[in-house]
Structure formats: structure tokens, C-alpha cells
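Each value in this text was obtained by applying a stated rule to the coordinates, not by laboratory testing. No experiment lies behind these values; they were computed from the predicted model shown. All Cβ positions, glycine included, derive from the backbone under ideal geometry; neighbour counts span all protein chains shown.
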Amino acid sequence: MTDPIDAAETGAAQWDAKLRGARTSPHDRQAFAAWLDTHPENRAAHGRLQSALATLRAHADQDLLSALREEARGNVQRAARRRFALLVASAAAVLLLCIGITMRFDRGVATAEGPVTETMLATAATQRTKVTLADRSVITLDAGTQLTVRLGATRREVKLLSGRALFEVAKDPQRPFIVMAKGRTITALGTRFDVSLSSRELRVTLAEGAVAVRPARQRAGIEQQILKPRQQFIERIGAAGPTLRFIDADRALSWTAGKVYFEDEPLAIAVEEMNRNASVEIVVDPTAANLRINGMFRTSNQTGFLEALELTLPVEVRRDYRGRIRVVALHLARHQ
């Protein structure tokens, strides 16, 4: 059974990150208020996190950050101190992402199965980074990505909280490598694949080896999918079921070199892809969301992307009163 305190502190960190985002909606804030009232520990965990953030804002100098990093690395024995160390690490990551710093926190944890190394990784907007883990696996994080890694004696676990990551897994038959994302587990042994999260979908792309995509909890009618090289698994909100398709793996993974390829991609999904690296958010009007886009774009060239939209699609690009860039269908733009 999940510890309600652990669940509350995880939820507090996730809600804090979400509410700081540029795309926070009134519905998000209503859902957050409902979450606060769901359990007394939720409100307490949120208060502890805000207190930690306030301290960091007031004293965010190098000495404090070094102290926090040392605390996170320590082999903490008592459960309450472990939870607080993770909470402070989460708070520091959120704060420093706001000013554009890639963050990494490591710590050791004693468990019933032996020692476990926990690592939190996070990148800010417009940043990508590559990290080599202690088991020699390599993770490439796209911009705006947050994840946690647990390396133990019997298994290696990654929880992808947001964004996208490419995993180049070191072979270790005794320790499966498992990525958890959006209600799914992706299990691999010696392989190369990426996992991408957005508000609309979960996408798993396999370049080499084999992975099994399973529901995190057993659900009636939902079976595991075994991916072959060059296959892509897509699970979209509202769809009847996941889609499997063959793709050009080199193109699908070209984001690691700052390029993206779209092939008959819905405009809303393409824009969300470009927004990962954008300093100014692009918003697509619902009437234009399902228009299809093709082509290769550099993730850093937002201007070129927007010019291509106006040249190839029946849309108009404009700024709204909040400074965001809006993409509106032409028939709608004429009446506004």
C-alpha cells in the first residue's frame, strides 16, 4: 500500500511544477484545490514544500545549494528525513529550473533489498543534457524534462515525470531496466529507446533491441505490447486504444541533435513538440488543432516554424494580450 505521506509529497512537487507552467488553466487550479481537500496530508505536504521554496528563494547562494546537495547524497536512515531530503531536492530543482539551471541530486537509501541510489534529474526550457548513470546506462534529457532514477541490486527504475528522454541501456540481465510513465511501464534489457510525455499522449520509440510496454496496474482488456526495432507506440487521450507503427528511427530521435521531423502530424501535437524548446509559448486554436503538418524543423528556430505554418496551412499567426503566439484558422481569423 502506498504511504499517504509519500503520495502527498510526490503530489505536492508535481502540482507545484504544473502550476508554475505557462499553460496552467483555470481547470488545473480547480483540480489542485480539489487535491488539497482530498486528504489532510496533501495540504500539509504542500505547506512544507512552499516553506522549503521560500527558504531557497531567500538564501539561494552557492553554499546553501552545496549543503542541499550533500544532504541529498547522504545515506539517510530515518524515513522522515528521507522524505524531507527528497522534498528539498524537488524544491531546489523547481526553483533553479525557473532561472535556467540544469539540476542533478544524488543520494543513497537503505532498503530491505539493500542499498539503492536515487537520482533526480531536471532540465530547463531550451536545455538538453546527457547523463551517464553508475550502471553505465546513458540518458539524454530533452528540454523541460524531469525524472528520477533508482538503481538497486535487483532492478533499475526510472520515473519520467515530464518531458522526453532517450535511454541507452547498459546490459545487465540480473537487473531489468524499467521506465514508468503515464500509467505504463516500459521494460528493457540492453536496448536504445525514447519515451516522450505530453498533455495529449505517451509515445515510446524503439531504435534497437526490444521493450515491453505494459500497464502499470493490471487493467481488463489492456495487454502488453512488445516493440520491435523501428516501432513506435502511441497512446493518445481519448483514443480507443494505443497505436503501433513503423517509423524512421533516426528521424524520430533527431531531437537529440535539435531537429524534429513531422509526417502527417496533427498541428496541436507538432506545436507542443516545438514548445519544449520555446521561450515564447505557441497556442493553437481548437479549430486548427487537427490540421496536418509535414517537414523538418530546427527546435531552436521558432520563427521559421511559424513562417512555414502560414505558407503551408490555412492559418494566421498573431500575438495575444498575454504575449503568447496564437495560431488561428483563417476562417476564424477573419471574424476576430
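Points to keep in mind about this one:
- Distance (nanometres) between label positions extended 7 Å along Cα→Cβ at S279 and A134: 3.9 nm
- Size of electric dipole in the stretch 258-333: Cβ of Lys, Arg +1 and of Asp, Glu -1, about Cα centre, debye, nearest 20: 280 debye
- Straight-distance crosslink candidates among lysines, where the alpha carbon sits under 27 Å from K171 and sequence neighbours closer than 8 are dropped: K130, K159, K182, K228
- Equivalent-ellipsoid semi-axes for the stretch 100-249 (Cα gyration tensor, √(5λ), whole Å, largest first): 24, 19, 15.
- Protection proxy ranking of 150-159, 243-252 - average other beta-carbon atoms within 10 Å, highest first: 150-159, 243-252
- For the stretch 258-333, the calculated P(r), taken from all Cα-Cα distances in 10 Å bins from zero up to the bin holding the longest distance, is 20, 61, 19, 0 percent.
- The ranking of S199, S254 by Cβ neighbour count inside 10 Å, starting from the fewest, reads S199, S254.
- Listed peptides 32-45, 168-181 by packing density, highest first (mean Cβ within 10 Å): 168-181, 32-45
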